[in-house]
1. List, please: which pairs have Cβ atoms under 9 Å, are six or more places apart or on different chains, and start with a residue in the stretch 64-80 that is without any contact (Cβ under 8 Å) to a residue 60 or more places away in the chain and closer than 17 Å to Ile39 by Cα and end with one that is of a type in the set (Val, Ile, Thr) and part of a strand (DSSP E or B)?
2. Would you point out which residue out of Gly37, Gly91 is touching a Lys or Arg at 6+ places or on another chain (Cβ under 9 Å), over 24 Å from Ala143 (Cα atoms) and of a type outside the set (A, V, I, L, M, F, W, C)?
3. Does the stretch 45-68 contain any residue that is part of a loop (DSSP other than H, G, I, E, B), over 14 Å from the mean Cα position of the chain (by Cα), surrounded by 14 or more Cβ atoms within 10 Å (Cβ to Cβ) and of a type in the set (Asp, Glu)?
4. Assess whether Gly91 counts as being buried (at least 17 other Cβ atoms within 10 Å of the Cβ) and in contact (Cβ under 8 Å) with a residue 12 or more places away in the chain.
5. Quick check on my filter: what residues within the stretch 109-124 are more than 15 Å from the chain's Cα centre (by Cα) and either at pLDDT 95 or above or outside any helix (DSSP H, G or I) (or both)?
Amino acid sequence: MPRYARYQGAIVHDNRILLIQQTEFASGESYWLIPGGGIEPGESEAACVAREMWEETNLRVRVERLLLDEPAPPGSIYQRCKTYLCRVDSGEASPGYEPEADAAATYAITAVGWFELGDPTGWPPLLCADAITFPLLQRIQLALGYVELPALG
(Lines give C-alpha, C1' and ligand atoms only; values in the text may rest on other atoms or scores of the structure.)
Protein backbone atom coordinates (compact mmCIF):
# COMPACT_ATOMS: atom_id res chain seq x y z
CA MET A 1 0.00 0.00 0.00
CA PRO A 2 1.49 3.39 -0.96
CA ARG A 3 2.27 5.75 1.90
CA TYR A 4 2.25 9.50 1.59
CA ALA A 5 5.72 10.41 2.88
CA ARG A 6 9.00 8.96 4.09
CA TYR A 7 10.29 11.04 7.00
CA GLN A 8 14.07 10.89 7.12
CA GLY A 9 16.81 12.50 9.15
CA ALA A 10 20.03 14.10 7.97
CA ILE A 11 21.93 13.62 11.25
CA VAL A 12 24.82 16.08 11.06
CA HIS A 13 27.67 16.27 13.59
CA ASP A 14 31.11 17.89 13.11
CA ASN A 15 30.45 18.46 9.39
CA ARG A 16 29.68 14.77 8.86
CA ILE A 17 26.38 13.05 8.05
CA LEU A 18 25.33 9.67 9.41
CA LEU A 19 24.10 7.01 7.00
CA ILE A 20 22.91 3.48 7.62
CA GLN A 21 23.82 0.49 5.50
CA GLN A 22 21.08 -2.01 4.77
CA THR A 23 21.75 -5.50 3.50
CA GLU A 24 19.05 -7.51 1.74
CA PHE A 25 18.87 -11.13 2.88
CA ALA A 26 17.88 -12.69 -0.45
CA SER A 27 20.53 -11.05 -2.65
CA GLY A 28 23.17 -10.04 -0.14
CA GLU A 29 23.13 -6.59 -1.78
CA SER A 30 24.05 -3.67 0.46
CA TYR A 31 23.40 0.05 0.07
CA TRP A 32 23.78 3.24 2.12
CA LEU A 33 20.84 5.50 2.89
CA ILE A 34 19.52 8.22 5.14
CA PRO A 35 17.68 6.70 8.11
CA GLY A 36 13.92 7.17 8.10
CA GLY A 37 10.52 5.63 7.57
CA GLY A 38 6.79 6.03 7.89
CA ILE A 39 4.74 8.02 10.34
CA GLU A 40 2.52 6.33 12.91
CA PRO A 41 -1.10 7.40 13.58
CA GLY A 42 -1.25 10.51 15.76
CA GLU A 43 2.51 11.12 15.51
CA SER A 44 3.94 14.51 14.50
CA GLU A 45 6.52 14.66 11.72
CA ALA A 46 9.28 15.66 14.18
CA ALA A 47 8.33 12.84 16.58
CA CYS A 48 8.38 10.39 13.66
CA VAL A 49 11.86 11.48 12.61
CA ALA A 50 13.17 11.30 16.19
CA ARG A 51 11.70 7.80 16.65
CA GLU A 52 13.08 6.53 13.34
CA MET A 53 16.55 7.87 14.19
CA TRP A 54 16.45 6.08 17.55
CA GLU A 55 15.24 2.80 16.05
CA GLU A 56 17.73 2.76 13.18
CA THR A 57 20.84 4.42 14.68
CA ASN A 58 20.50 4.23 18.50
CA LEU A 59 20.85 8.02 18.66
CA ARG A 60 18.58 10.46 20.42
CA VAL A 61 18.35 13.48 18.15
CA ARG A 62 17.01 17.01 18.17
CA VAL A 63 14.99 17.63 15.00
CA GLU A 64 15.89 21.16 13.94
CA ARG A 65 14.11 21.92 10.67
CA LEU A 66 12.83 20.63 7.36
CA LEU A 67 15.62 20.66 4.77
CA LEU A 68 13.99 19.05 1.74
CA ASP A 69 10.45 18.12 0.71
CA GLU A 70 10.65 16.26 -2.59
CA PRO A 71 8.81 13.70 -4.71
CA ALA A 72 9.86 10.15 -3.84
CA PRO A 73 12.06 8.25 -6.30
CA PRO A 74 10.20 6.21 -8.94
CA GLY A 75 9.11 2.80 -7.67
CA SER A 76 9.03 3.90 -4.03
CA ILE A 77 6.18 2.96 -1.70
CA TYR A 78 6.14 6.65 -0.74
CA GLN A 79 4.85 9.64 -2.70
CA ARG A 80 7.18 12.19 -1.04
CA CYS A 81 10.40 12.26 0.98
CA LYS A 82 10.79 14.82 3.74
CA THR A 83 14.35 15.23 4.99
CA TYR A 84 14.87 16.93 8.35
CA LEU A 85 18.11 18.32 9.76
CA CYS A 86 18.90 16.52 13.03
CA ARG A 87 21.60 17.01 15.67
CA VAL A 88 22.80 14.36 18.11
CA ASP A 89 21.56 14.79 21.69
CA SER A 90 22.84 11.50 23.10
CA GLY A 91 23.87 7.96 22.30
CA GLU A 92 26.51 6.20 20.26
CA ALA A 93 25.72 5.53 16.61
CA SER A 94 25.31 1.82 15.91
CA PRO A 95 23.11 -0.33 13.67
CA GLY A 96 19.54 -0.34 14.89
CA TYR A 97 16.60 -2.47 13.85
CA GLU A 98 13.53 -2.47 11.65
CA PRO A 99 10.40 -2.90 13.82
CA GLU A 100 8.05 -3.73 10.92
CA ALA A 101 7.99 -7.50 10.46
CA ASP A 102 7.79 -7.48 6.65
CA ALA A 103 10.80 -5.15 6.37
CA ALA A 104 12.76 -7.04 9.05
CA ALA A 105 12.22 -10.24 7.05
CA THR A 106 13.69 -8.58 3.94
CA TYR A 107 16.78 -6.70 5.17
CA ALA A 108 18.87 -5.76 8.19
CA ILE A 109 20.70 -2.59 9.14
CA THR A 110 24.27 -3.89 9.11
CA ALA A 111 26.39 -0.76 9.59
CA VAL A 112 26.38 2.96 10.25
CA GLY A 113 28.90 5.43 8.94
CA TRP A 114 29.80 9.08 9.26
CA PHE A 115 30.62 10.78 5.94
CA GLU A 116 32.28 14.19 5.47
CA LEU A 117 29.76 16.59 3.95
CA GLY A 118 32.44 18.95 2.66
CA ASP A 119 34.60 16.29 0.98
CA PRO A 120 32.83 13.49 -0.91
CA THR A 121 36.17 12.20 -2.27
CA GLY A 122 36.37 9.97 0.81
CA TRP A 123 32.94 8.45 0.28
CA PRO A 124 32.96 4.74 -0.63
CA PRO A 125 32.35 3.74 -4.27
CA LEU A 126 29.14 1.89 -3.27
CA LEU A 127 27.70 5.18 -2.00
CA CYS A 128 28.93 7.29 -4.94
CA ALA A 129 27.38 4.86 -7.43
CA ASP A 130 23.97 4.85 -5.71
CA ALA A 131 21.42 6.51 -8.00
CA ILE A 132 19.16 7.54 -5.11
CA THR A 133 21.34 8.26 -2.07
CA PHE A 134 24.24 10.02 -3.82
CA PRO A 135 22.04 12.70 -5.48
CA LEU A 136 20.14 13.11 -2.19
CA LEU A 137 23.42 13.78 -0.38
CA GLN A 138 24.32 16.35 -3.02
CA ARG A 139 20.99 18.12 -2.43
CA ILE A 140 21.60 18.02 1.34
CA GLN A 141 25.08 19.50 0.80
CA LEU A 142 23.51 22.29 -1.24
CA ALA A 143 20.73 22.93 1.31
CA LEU A 144 23.31 23.19 4.12
CA GLY A 145 25.70 25.41 2.16
CA TYR A 146 28.53 22.91 1.68
CA VAL A 147 28.41 23.49 -2.06
CA GLU A 148 26.99 26.28 -4.22
CA LEU A 149 24.97 26.14 -7.39
CA PRO A 150 27.14 26.67 -10.46
CA ALA A 151 26.81 30.12 -12.04
CA LEU A 152 24.58 30.23 -15.10
CA GLY A 153 25.67 31.71 -18.29
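The values are calculated or read from the model by the stated rules, or taken from the named source; none is laboratory data. Model, not experiment: these values are computed from the prediction. Cβ placement follows ideal geometry from the backbone for every residue including glycine, while neighbour counts extend to all protein chains displayed.
1. Leu66/Thr83; Asp69/Thr83
2. Gly91
3. No, that holds for no residue.
4. It is false that Gly91 is buried (at least 17 other Cβ atoms within 10 Å of the Cβ) and in contact (Cβ under 8 Å) with a residue 12 or more places away in the chain.
5. Within the stretch 109-124, Gly118, Asp119, Trp123, Pro124 qualify.
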